[in-house]
1. Under 1.5 on a/c is rounded, so check that first for region 43-110, then, if it is not, pick prolate when a/b is larger than b/c and oblate when it is not; a ≥ b ≥ c are the square roots of the alpha carbon gyration tensor eigenvalues.
2. Using packing as a proxy for protection, rank 132-138, 122-128 so that the peptide with the highest average count of other Cβ atoms within 10 Å comes first.
3. Can you tell me the length gained on complete extension of the stretch residue 4 to residue 176, counting 0.36 nm per residue apart and subtracting the Cα distance?
4. Please work out how much length the chain gains when fully extended from residue 152 to residue 17, using 0.36 nm per residue of separation minus the C-alpha to C-alpha distance, in nm with one decimal.
5. What percent does the relative contact order of region 58-119 come to when contacts are Cα pairs within less than 8 Å and at least six residues apart?
6. Determine the alpha carbon to alpha carbon distance for each of 123/148; 95/148; 85/105 and list only those over 23 Å.
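Any read-out appearing in this document is the output of simple, stated calculations on the displayed coordinates, not a laboratory observation. Worth saying up front: this structure is predicted, and the values here are computed from it rather than measured. Cβ placement follows ideal geometry from the backbone for every residue including glycine, while neighbour counts extend to all protein chains displayed.
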Amino acid sequence: MTDENKIKALRDLINTAQSSINSAKKILNSLLGEDSQEDGLSFDTTGLSSYESEWLQIVEWVFTGESMLGTDGNTYPVPQNYASKSLLVQGSKLKAIIDGSGKIKYKIISEIPYTTFLGVITKNGDKYQIVTDTRSYNVLVAAITFHKCEIWDTVSIRVPEWKEATYAVIEAIIPKK
C-alpha cells in the first residue's frame, strides 16, 4: 500500500470514528430527550411502536448497524448472522417478536433506500472495515465469515443513501482476477 493510500485510509478511519461519535451523541440525546444541533446520524423511529399481549411482546426498532434502537428507548442486540444474511442496511426498520419463553423472531418492516459501492476489506485492531473511494465503513464480523472474506478482498456493499452512515453490509465478494 502506497503512502498516499495509507493517508487516505487513515483519513477515512478518522472520519468514520467521528461519525460513530456523532451517532452515539444523537442516540444519547434522544434517550435523554435533549435536542442536538450537531451533524451526525439520526435514526427515524416515526410510526414505530412497542406493545405486548398475554403471550407476546413486540418491539419495533431501527437497525443502527450492529444493534437496534427500540421505540421504548432501549438498545437491543441483533444477532450478527441475521443482520448479515438479511442484508440489513443501517437505518432499516424492523420488529422483534418475543414469545413467553424469551425466543425472539425478527421481521423487516421497511428497508431504507440504499446505494451500492465497491470496497476493500481492511482490519483496524479487532474491527473489520470496508474502504471505498470516498470513505470507510464498519462491517459486522459475521458478514466477513458468512461471505468467507479475507483482508484486501474486494466486495460489493450496501449503504444507506444518507451520507453519514457508519456501517455497510456486504452483498457479495468480487472474485479475484
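1. Working: a/c = 1.98, a/b = 1.28, b/c = 1.54.
Oblate is the answer for region 43-110, as a/c is 1.5 or above yet b/c matches or exceeds a/b.
2. On the way: 132-138: 18.4, 122-128: 12.9.
My ranking of the peptides, most packed first, is 132-138, 122-128.
3. Details: separation 172, 0.36 × 172 = 61.92 nm, distance 2.34 nm.
The span from residue 4 to residue 176 would gain 59.6 nm if fully extended.
4. Working: separation 135, 0.36 × 135 = 48.60 nm, distance 2.07 nm.
Full extension of this stretch gives 46.5 nm more.
5. Averaging sequence separation for qualifying contacts and normalising by length gives 30 percent for region 58-119.
6. Numbers: 123/148 15 Å; 95/148 28 Å; 85/105 15 Å.
As for pairs spanning more than 23 Å Cα to Cα, those are 95/148.
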